[in-house]
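Working notes, structure below.
The values are calculated or read from the model by the stated rules, or taken from the named source; none is laboratory data. Everything numeric here is computed off the predicted structure, so don't read it as measured data. Cβ sites come from the backbone with ideal geometry, for glycine too, and all protein chains shown count toward neighbours.
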Amino acid sequence: MHSKKIPNKPRYAWVKEIAYQTLLDYGVSNLPVKIPELIKVDKSNSIKIISTEEYAKANSISHDKVLKNLKSKDGAVKYFSGPGMNYDLYLIFYNPYILPKERINWTLAHELGHLKLNHLKDFEETSICRKGFQLNGYNVLESEANFFAKILLAPPYILKQLDVQHPGHLIEFCNISEEAALNCYDYYKKAIKYSAKTYELQLSEKFKPFIKKTQYGERNVCLNCKTKLIIPALEINYSSILLLAREIQDKGIYSYCHICGKKNNTLSNNQKELPMTYDGLRTFENGNLYECPRCRNEEIRESDFCKICGAEIVNRCTNPNCSNKESLPSNSRYCHFCGHQSTYYQNGYLNAWDEYQNTSHNSQI
């Protein structure tokens, strides 16, 4: 038993690595991540999950009293160790009546985070109360457990491989609540700008069959050029996000294809081939270009224009009245909001989609 001081701030980088390592150790290779299934394959056999209702019945006490003793309406983790025990035992409690039901898996992931991060064993402050982590003033450890749950249930690098483009996809893939989906999506957009760590690449290898499977079928595919569609960023509130996930086709959210410019209100039902991939200009992980497409100057990372030839080096919509003011992906020929040409396509940096498709096809003959 170590006696450490609780850190002054959350150790997010370390927590992220532990969460990914947990997925690797448990052999997880698809989404959603279901915590009870993870616990079943835990070789230590030291983690047990029990509902507060089960515990109340087994001990002939009221359910309300159990929640009161745990000091939580969602769940808690308790750690048992001491004389007469030759192994550690963790009990993870969850309330089966919390809504929405997706919160239960998040609660279990959060409590598993306390366990995997050694919160109940490492710190002298918690060692005096290690049969229940309910002391006051532990916002740092709570933040770490929440971050662990976020990474465990919605690993950003895997979501990137799945081409997640809006919070509704997180509900679809990760089976999390609307509130959690919004929270995870905000982090996901920031996280994917950075280069992948070794543990992220290792997990991606395990997820390859699952990722490939999701690339087939009728998800986000343009009927005209067969590419994956980009969904415009929307002002989404809690009540509409689930609607977006389940009725996106009916609402015409896909707008315009960023490759061929065709208006898309329907999805491809072709399940025999992978979507067509159209290359763009070469970029770093964060989306910045390697070089100016006109003069090949490489010193362009911190500017929207090349300092040598003055060329605009950010791909944007050419429609001054378009609601999208953000940059477009480097392979976008058209704006997926309004259907107007992109600056890269207008300036001749990208070939027309059908020319690229024919060139790509001929090179394979």
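When you check Leu38 against the structure, is it touching a residue at least 60 places away in the same chain (Cβ under 8 Å), more than 28 Å from the chain's Cα centre (by Cα) and closer than 23 Å to Pro96 by Cβ, yes or no? Against the criterion (touching a residue at least 60 places away in the same chain (Cβ under 8 Å), more than 28 Å from the chain's Cα centre (by Cα) and closer than 23 Å to Pro96 by Cβ), Leu38 does not qualify. Please find, within the range 141-180, the residue that is surrounded by the fewest Cβ atoms within 10 Å (Cβ to Cβ) out of those that are touching an Asp or Glu at 6+ places or on another chain (Cβ under 7 Å), within 22 Å of Ile18 (Cα to Cα) and of a type outside the set (A, V, I, L, M, F, W, C). Among those that are touching an Asp or Glu at 6+ places or on another chain (Cβ under 7 Å), within 22 Å of Ile18 (Cα to Cα) and of a type outside the set (A, V, I, L, M, F, W, C), it is Asn175.
Would you say Ile151 is closer than 20 Å to Ala13 by Cβ, in contact (Cβ under 8 Å) with a residue 24 or more places away in the chain and assigned to a helix (DSSP H, G or I)? Spelling it out, Ile151 is indeed closer than 20 Å to Ala13 by Cβ, in contact (Cβ under 8 Å) with a residue 24 or more places away in the chain and assigned to a helix (DSSP H, G or I). Given the condition modelled with pLDDT of 90 or more, closer than 20 Å to Ile35 by Cβ and touching a helix residue (DSSP H, G or I) at 6+ places or on another chain (Cβ under 6 Å), answer yes or no: does some residue in the range 160-171 qualify? No: the range 160-171 contains no residue that is modelled with pLDDT of 90 or more, closer than 20 Å to Ile35 by Cβ and touching a helix residue (DSSP H, G or I) at 6+ places or on another chain (Cβ under 6 Å). Here Lys193, Lys189 are screened, and the one residue that is under 15 Å from the mean Cα position of the chain (by Cα), basic (Lys, Arg) and in a loop (DSSP other than H, G, I, E, B) is Lys193. Within the range 99-108, being touching a residue at least 24 places away in the same chain (Cβ under 8 Å) and part of a loop (DSSP other than H, G, I, E, B) holds for one residue alone: Pro100. Beta carbons closer than 7 Å, at least 6 apart along the sequence or on distinct chains, pair a first residue in the range 186-209 that is farther than 18 Å from Asn30 by Cβ with a second that is acidic (Asp, Glu) for Lys193/Glu285; Tyr194/Glu285; Ser195/Glu285.
Conditions (1) touching a residue at least 40 places away in the same chain (Cβ under 8 Å); (2) surrounded by 15 or more Cβ atoms within 10 Å (Cβ to Cβ), marked per residue:
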| residue | (1), (2) |
| --- | --- |
| Lys4 | yes, no |
| Asn8 | yes, no |
| Val15 | yes, yes |
| Leu23 | yes, yes |
| Lys43 | no, no |
| Leu67 | no, yes |
| Leu70 | yes, yes |
| Ala76 | yes, yes |
